[in-house]
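Below: the structure, in structure tokens.
Every read-out reported here was derived from the displayed coordinates using simple, explicitly stated rules and does not represent laboratory data. Because the structure is predicted, anything quoted here is derived from the model rather than measured. No Cβ is skipped: glycine too gets one built from the backbone with ideal geometry, and neighbour counts run over all protein chains shown.
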Amino acid sequence: MSDAAPADTEPEPEPPALAGRSRLRWWKEVLYIAAFYGVYSVIRNTQGSATVSAAHAFGHARAVIRVERVFGLFVEERVQDGFLGWRWFIQFWNLYYGTFHFVVTIVALVWLFRRFPERYPRWRNTLAATTALALIGFAVYPLMPPRLLPSSYGFVDTLKDFGSLWSFESGPVAKVSNQYAAMPSLHFAWSTWSTLVLYPMLSHRWSRILVALYPAATLFAIVVTANHYWLDAAGGALVLGVGAAAGFAMAAATAARHPVGEAVPNRA
């Protein structure tokens, strides 16, 4: 009697992680993300400060300040003023503000793609939905950030007065960028997204602590550089929550249409 397995024996199901990876193609993901961010940048900047009156954005700023005062939260100027004597410290946070939200978000996205492809579609969709919702916020509620308020409010434009390695908010760039894209704060939304993505992938306690503190550090950065109000961060948390609900729902719908093991276009 032969010990060979019957010819019609079905192969074992592919592990979920490998199945998830087989559905994803890195070059397609790069193209999708680049195209999405390109469209986001064009819309954000063409709907920016060149097309919105300063008076309109200032009116919204005063409304935000009134709300913060009601709750005793309008302390941004005091927070900034406490650190203006430390030039190197402010320069670091200028650099942090201009780079970390890009670098950390990209690292989290790439690491998630490589290590946990089964989680990747949900969180990629969440990031896309959150960013799209922020665009709506920028369009319907242009908001003058603290650094652009009249001098009577006491804020300092730290990037202009203290500098950093480079500037995204001065010279020719400032003329085409949206200076009033403050509500919601994508810096805070993306930093919280990065924490939610990275934390489960880390095993060392110190690295988990650092990642858990990342949104708090970002909140400090956006306030001490006078780029945002506290309420902008709350708006960022809100769009992230709605974006997560939409992103997870989209991924679940795609998974339901294409069970594990079935070939599926890379749309999740």
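Just a few scattered comments:
- In this rough spin-label picture, where each label sits 7 Å from Cα along the Cβ direction, the A256-W86 distance is 5.1 nm.
- Cβ-Cβ distance of A212 and S53, R₀ of 45 Å, FRET efficiency by 1/(1 + (r/R0)^6): the value works out to about 0.65.
- Inter-probe distance in nm under a simple model that places probes 7 Å from Cα toward Cβ, at L73 and H204: 3.5
- Rounded FRET efficiency, nearest 0.05, which uses the C-beta distance separating R114 from D161 and R0 of 35 Å: 0.25
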